[in-house]
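The values are calculated or read from the model by the stated rules, or taken from the named source; none is laboratory data. Remember, it's a predicted structure, so these values are computed and weren't measured experimentally. A quick note on method: Cβ atoms are made from the backbone with ideal geometry, for glycine too, and the neighbour counts reach across all protein chains shown.
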Amino acid sequence: MTRDEIRELAAFQADESKGACALSFYFQPDPPQDRSHRREAIVAKDVVKEALKSAAASGKNGSLHADLDRVLGLAASLRGNARGKAVFACSAQNFWKEYELPPHLGSTHIYLQSRFQLKPLAALLGSQPALCVAVVDRQRARFFDLRLDQLREGQALVHMLSRSASNYGFKGYEGGHAERRVAEEALQHFKAVSERLLSEFEKHVWERLIVGCQDANWPEFESHLHPYVKKRLIGRFSADVASVSNEEIRGRAGNVLNQWITEYGSAKVNQALDFAKANGRGVTGLRRVLQALEAGEVQTIFLGENYSSPAVECPHCGHLDAHLIKSCVACGRTTRELSDVCDAIIPIAIKRDIELFTLKDHEDLDRAGNIAALLRFRSDQSTGQIEMAS
Ligand SMILES: [Zn+2]
């Protein structure tokens, strides 16, 4: 799933005047320890059938019915699927997209709204950096892009070594000479890998780095990494380039990433809460977050895992209000009620590239109303970007 695809989902609006409806379906597979029960497909079918019934009851037929039928067919085929799945559909506007997702979607659910429901997706991807996974040994380097569990491989770098020192089979001058040559070649290879990483980082190909290599090679390889690149390194796992499978790379890099997101998100929300008390570069509570969002000041939004709140939205100017007022304070038009303000906040965050963290069991965020934001530096305040220890 690319950023552009996510933006397309965030920008989608069903034309309700023509009876169109945006259908979002999320499939959560059973956890691995329950896999033998295979309840997941039955749950998925029930969820869709329930939606069909309520759509029929409320007189929403036609294209929505066709979409639901198609999702029902798909749900039946999900038995035994180990990965999560999402479908976004609106056949009235010729829209149908399916995505494989990491199996951490909470529950199987279907939403019929005027916009696609992106909350489960946002919880997965909001804080996901553009990630490079480099798997390296003394002569090979493979480069991957990892996003939402999808691993894409780029061009590898291979510097086949001269016959290895041990193959010479001679002690003394010959052997020592060969060993030095091999060491020199490995050094050149590590330098080339480091240069490639630096150049791609500078071209914004990736924002964060995970390295997979044998423990024995790490100190030497690390010593060649440019300081800028090293600063972006979020973790390392042990791997042998020759034998590691893509599945293992995805799993191990995914674990490193998830741990980092949790720690990084938690450090950042603490900073936002401290700033909210001290210097104004952080805000808490829905009302203030909405104000900051409208003023274009928000850099990062933090939501408690189950945060939800009603609000109103102005269909004319887009103003969002935590007070359930009938007419818009900005333009005076009639507002419409949102049962959950996240349905409006999340698409805005995606469209504007605002970082979004969904945090589980964070006591201080809970006390602050389960919603907070870190603001960009204002022109009247000190310089520099916020740097987080990684
Ligand atoms: Zn308005």
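Okay, residues lined up against (1) among the acidic types (Asp, Glu); (2) touching a residue at least 24 places away in the same chain (Cβ under 8 Å); (3) farther than 21 Å from Asp215 by Cα:
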| position | (1), (2), (3) |
| --- | --- |
| Tyr111 | no, yes, yes |
| Lys119 | no, yes, yes |
| Gln128 | no, yes, yes |
| Leu131 | no, yes, yes |
| Arg138 | no, yes, no |
| Arg142 | no, yes, no |
| Arg152 | no, no, yes |
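Scanning the stretch 331-343 for residues that are within 16 Å of the ligand (Cβ to nearest atom) and charged (D, E, K, R) yields Arg333, Arg336, Glu337.
Note on the stretch 272-297: among residues that are assigned to a helix (DSSP H, G or I) and within 16 Å of the ligand (Cβ to nearest atom), the one that is farthest from the chain's Cα centre (by Cα) is Gln291.
The residues of the stretch 213-224 that are touching a strand residue (DSSP E or B) at 6+ places or on another chain (Cβ under 9 Å) and either closer than 19 Å to Leu146 by Cβ or in a helix (DSSP H, G or I) (or both), listed by number, are Cys213, Asp215, Asn217, Trp218, Phe221, Glu222.
Check the stretch 53-72 and report whether any residue there is surrounded by fewer than 17 Cβ atoms within 10 Å (Cβ to Cβ), under 27 Å from the mean Cα position of the chain (by Cα) and part of a helix (DSSP H, G or I). No - not one qualifying residue is present in the stretch 53-72.
Tell me which residues, restricted to the stretch 308-327, are within 33 Å of the chain's Cα centre (by Cα) and outside any loop (DSSP other than H, G, I, E, B).
Ala311, Val312, Glu313, Leu320, Asp321
How many residues are under 28 Å from Lys203 (Cα atoms) and without any contact (Cβ under 8 Å) to a residue 24 or more places away in the chain if we restrict to the stretch 263-283? Residues that pass the stated criteria total 1. From the list Glu195, Glu207, Glu248, Glu184, the lone residue that is at pLDDT 95 or above, surrounded by fewer than 16 Cβ atoms within 10 Å (Cβ to Cβ) and either under 21 Å from Leu157 (Cα atoms) or not acidic (Asp, Glu) (or both) is Glu195. Scanning the stretch 237-261 for residues that are in contact (Cβ under 8 Å) with a residue 24 or more places away in the chain and part of a helix (DSSP H, G or I) yields Asn246, Ile249, Arg250, Arg252, Ala253, Gly254, Val256, Leu257, Gln259, Trp260, Ile261. Pro315 - would you say it is touching a residue at least 12 places away in the same chain (Cβ under 8 Å) and within 16 Å of the ligand (Cβ to nearest atom)? When the stated conditions are applied, Pro315 passes them. Does Leu324 satisfy the condition of being without any contact (Cβ under 8 Å) to a residue 40 or more places away in the chain, within 16 Å of the ligand (Cβ to nearest atom) and surrounded by 12 or more Cβ atoms within 10 Å (Cβ to Cβ)? So Leu324 does not fit the description; no. Within the stretch 9-35, being under 11 Å from Gln117 (Cα atoms) and assigned to a strand (DSSP E or B) holds for Ala22, Leu23, Ser24, Phe25, Tyr26.
Restricted to the stretch 73-166, the set of strands (runs of 3 or more DSSP E) holding at least 2 residues that are of a type outside the set (A, V, I, L, M, F, W, C) and farther than 30 Å from Lys268 by Cα comprises 95-101, 109-113, 140-147.
Yes/no per residue for (1) in a helix (DSSP H, G or I); (2) aliphatic (A, V, I, L, M); (3) within 13 Å of the ligand (Cβ to nearest atom):
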{"residue": "Ala267", "(1), (2), (3)": "yes, yes, no"}
{"residue": "Asn270", "(1), (2), (3)": "yes, no, no"}
{"residue": "Gln299", "(1), (2), (3)": "no, no, no"}
{"residue": "Asn306", "(1), (2), (3)": "no, no, no"}
{"residue": "Val329", "(1), (2), (3)": "no, yes, yes"}
{"residue": "Ile345", "(1), (2), (3)": "yes, yes, no"}
